[in-house]
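The values are calculated or read from the model by the stated rules, or taken from the named source; none is laboratory data. Just so you know, these numbers come straight off a predicted model, no measurement behind them. As a convention, Cβ positions derive from the backbone with ideal geometry for all residues, glycine included, and neighbour counts pool all protein chains shown.
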Amino acid sequence: MGPKDKVKIGNKPMRVLVTGGMGFIGSHFVRHLIQSFPDLTAINLDKLTYAGNPANLEDLKDEPRHVFVKGDILDTTLLAGLFHEHHIDAVVHLAAESHVDRSILAPKEFIDTNVSGTLNLLSVALKSWESRGLMESARFVHVSTDEVYGSLGFNDPPAGEDARFTPNSPYAASKAAGDHLARSFHRTYGLPVVITNSTNNYGPFQFPEKLIPLTITRIMEGKAVPIYGRGRNVRDWLYVEDHCRALALVLFVGRPGDRYNVSARCELTNLELVEEIASLMDARTNPARASRELITFVEDRPGHDLRYGLDSLKIARELGWRPQVDITEGLSVTIDWYLENRAWIEGILSGDYLTFFEKWYGKRL
Ligand code: NAD
Ligand code: TYD
């Protein structure tokens, strides 16, 4: 958060329900809210699935403006109680099953949380804000992904907010359904919903099943780094703190009923990205063999989208958002964080993670 942003969006005494606040982006976002907005309280509702980790917000455990509640967005009674007890006047909805490969192995949980859970949250917010007369002033930020737009060809322009939805994985389809529900609650009931669609995030505290932390942790262990196909698929990379600044802007000054894409316009092939990580790591750890030798091409992900890329001209033009962290700086900070936080990694590289790893990569590696 740069000081300029603070001036622009001010400091409102809000009571924000953040769902999924013990996950990767959610934990950065809660920290960002607490550090940047002194009159704001964050109620952090998280089920603590394999991806939710209280260690992500260890630094806020004694912070009175951060209230953690362990619970499921499918639990209507719990949600209604939270809105009532904490006088919730804003929601930033990040809770989700978020990993494409897991959605290929077991899609049902994705429908439960990303579709039914989103519907539940929208319904409880509507009831609470209608009865408390908050339908104008409250905000519901629904956090979504570029994957709802589907795959671009190599020569296509980046997708804008009006691009057609063509989700290709069960994860993307479940997020698209959640987006449609959120939009429909604005159109039908006037719920003050704002939707964001961002590109692939990276940074500290990301669960090592996603490409960047997977690559870093595998290189740290001297193990093969699996790349699907020939590594030609393209993703558009966004540093997580830049995303959090965008979410805060949308929360405070986004227009209800609107959708905002969030992208740093940083498209790389997976091979380019992994090679860059390998060389940044070698410069730090000086290993006997170049880490790029660990790259192993493996059987592709079924339905693997070729390319994602968003234009984010609207959020730049209307809300003044600009990314502040370029890829080399962002990767360097991220790599340093993983190298310095082995205990956090060891806490995760066990149990559920190993079961998933064996099931998914067992036949690939
Ligand atoms: P994550 O998997 O790291 O975290 C998700 C969190 O949600 C976890 O803490 C988990 O315990 C919690 N959760 C899951 N099901 C729940 C339920 N039923 N009730 C309450 N909590 C539940 O995910 P992330 O990468 O931080 O992504 C956060 C959001 O941002 C998701 O909605 C995702 O679709 C979206 N998004 C992510 C990216 C990305 O690159 N990571 C990009 C664009 C959008
Ligand atoms: P991922 O981090 O799973 O994000 P998403 O699929 O949501 O974009 O994957 C990013 C890219 O990296 C994607 O093109 C798939 C690829 N990938 C690999 O090549 N190998 C891997 O082991 C993983 C997890 C991803």
- line: Checked against (1) of a type in the set (A, V, I, L, M); (2) over 30 Å from L365 (Cα atoms); (3) touching a strand residue (DSSP E or B) at 6+ places or on another chain (Cβ under 9 Å); (4) more than 13 Å from ligand 1 (Cβ to nearest atom), A246 satisfies every condition except (4)
query: Looking only at the range 73-117, which residues are part of a loop (DSSP other than H, G, I, E, B) and either at positive phi or under 16 Å from the mean Cα position of the chain (by Cα) (or both)?
result: H87, L94, A95, A96, E97, S98, H99
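Matching residues to (1) touching a residue at least 40 places away in the same chain (Cβ under 8 Å); (2) surrounded by 22 or more Cβ atoms within 10 Å (Cβ to Cβ):
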residue	(1), (2)
S98	yes, yes
D101	yes, no
F110	yes, yes
N114	yes, yes
N120	yes, no
S144	yes, yes
G150	yes, no
F165	no, no
message: Among the listed residues E276, E241, identify the single one that is within 16 Å of ligand 2 (Cβ to nearest atom) and either at pLDDT 95 or above or assigned to a strand (DSSP E or B) (or both).
response: E276
query: Scanning for something under 28 Å from S350 (Cβ atoms), within 11 Å of ligand 1 (Cβ to nearest atom) and aromatic (F, W, Y), does the range 185-204 turn up at least one residue?
result: yes
- request: Tell me which of these D336 doesn't satisfy, since it passes every other one: (1) within 16 Å of ligand 1 (Cβ to nearest atom); (2) within 22 Å of the chain's Cα centre (by Cα).
  value: (1)
- request: Those residues that are closer than 26 Å to G52 by Cα and surrounded by 14 or more Cβ atoms within 10 Å (Cβ to Cβ), I need them from the range 350-365; list them, please.
  value: Y353, F356, F357, W360, Y361
message: Restricting to the range 204-222, name every residue that is part of a helix (DSSP H, G or I) and either among the hydroxyl-bearing types (S, T, Y) or out of contact with any Leu (no Cβ under 9 Å at 6 or more places or on another chain) (or both).
response: P213, L214, T215, T217
- prompt: Just one of D5, D39, D62 is outside any strand (DSSP E or B), of a type in the set (D, E) and at pLDDT 95 or above; which is it?
  reply: D62
message: I'd like to check something: does the range 349-359 contain any residue that is part of a loop (DSSP other than H, G, I, E, B) and either β-branched (V, I, T) or more than 30 Å from G150 (Cβ to Cβ) (or both)?
response: yes
task: Give just the number: which of (1) away from ligand 2 (no atom under 15 Å from the Cβ); (2) surrounded by fewer than 20 Cβ atoms within 10 Å (Cβ to Cβ); (3) part of a helix (DSSP H, G or I); (4) under 19 Å from the mean Cα position of the chain (by Cα) does R265 not satisfy?
output: (3)
message: I'd like to know if the range 301-310 contains one or more residues that are surrounded by 14 or more Cβ atoms within 10 Å (Cβ to Cβ), modelled with pLDDT of 95 or more, under 26 Å from C244 (Cβ atoms) and over 19 Å from the mean Cα position of the chain (by Cα).
response: no
